[in-house]
1. Give me the distance between the Cα centres of region 254-327 and region 127-150, rounded to whole Å.
2. Considering only lysines 8 or more places apart in sequence, or on different chains, count the pairs in the chain whose C-alpha atoms sit under 30 Å apart.
3. Using just the Cα positions, wrap the chain in a convex hull and report its mean projected area in square nanometres, one decimal place.
4. Eigenvalues of the Cα gyration tensor times 5, then square-rooted: what semi-axes does that give for region 257-327, in whole angstrom, largest first?
5. Over 25 Å, how big is the tail of the calculated P(r) for region 1-115, in percent of all Cα pairs?
6. If you average 1/r over every pair of different alpha-carbon atoms in region 125-186 and take one over that average, what Kirkwood value in Å do you get?
7. Kirkwood hydrodynamic radius, region 35-179, all distinct C-alpha pairs: what's the number in Å?
8. In debye, nearest 20: dipole of the chain around its Cα centre with unit charges on the Cβ of K, R (+) and D, E (-)?
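Derivation of every value follows stated rules applied to the coordinates shown; laboratory data play no part. Remember, predicted model here, so these are calculated numbers, not experimental data. Here Cβ is always computed from backbone atoms with ideal geometry, including for glycine, and neighbour counts include all displayed protein chains.
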Amino acid sequence: MADRRALITGVTGQDGSFLARLLLKKGYRVYGLVRRLSSPNISNIATILDQIELLDGDLMDQSSLNEAVKRADPSEIYNLAAQSFVGASFSQPALTGEITGLGALRLLEATRTHASSARLYQAASSEMFGHVDREPQDESTPFHPRSPYGVAKVYAYWACVNYREAYSMFVSNGILFNHESEVRGIEFVTRKISDGVARIATGRAQQIVLGNIDARRDWGYAPDYVDLMWRILQYSTPDDFVGATGESHSVREFAQEAFRVVGIEDWESHVKLDPRFNRPAEVYNLRGNPAKAERELGWKPRTRFKELVRIMVEADMARLESTKGAT
């Protein structure tokens, strides 16, 4: 096999860390783009730091992206970096647009100029669908984003299509529905629940404060989805694919199942609802149809809803048990 070199933006995040491990197992030389910070958060990649090469770069800085692409000389590029918390995009809409939208455009430019033969994967999002008029959603479903984050992702999506058509570049979008894991950021509702339930079960807390618990999402397990990212770039032609489980569950169901894992039946007494956590424009029901990915790429999600919740809760329980005495 020829030398396979991959550049991953957002390598320190949930998806980036799982993808880096997958590519290392497949024999890739892996480069990760990281912002230069006084104290970078590298906990997710701590165990593979000696196997990957980190490059300084920022999606808001074109010259740094140019240098990173030249340095890595990649055959594959995975753009996973973003301001990815939907809630924060309402309070920081311009920043979200700069990073999540224009950041993808800057990376496309760096790729076109310095690695035009590289295959580029863009992390698109089910949040682009937003206010849906049909279910389930697939590659032909119209976009109607309901957050600055969703709007920025739509911009990035169409920028990728444009570069694919204008410059004959191999650029593909993965329209992935929600995918979670034990290393999901604590600000995301699934991890907020799993961590909160673990704290309640170990006597460190009494309740979890949530917003709209009737919103429904198609939740999968992140390691399954990074396998799809890789498959998308191995396809014969650049294309766009939905990644989903085909099932939707409410935040209420997620909380109920998480409490069930630790043996707490009266879960509602531990949940407080606060409208401050509701979005200005809510997305109520996202459920994807992954038939194209299954047909063309042979991909199927392996981890179902209850197993995902169990994995997350048990990981947070183990983490708390290993740090007894901490808050």
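1. 22 Å
2. Pairs that pass both the separation and distance tests number 24.
3. Seen from a random direction, the Cα hull of the chain projects 16.5 nm² on average.
4. They are 30, 22, 13 Å, listed largest first.
5. 19 percent
6. This gives a value of 12.9 Å.
7. Here the Kirkwood hydrodynamic radius works out to 16.1 Å.
8. In total the dipole reaches around 380 debye.
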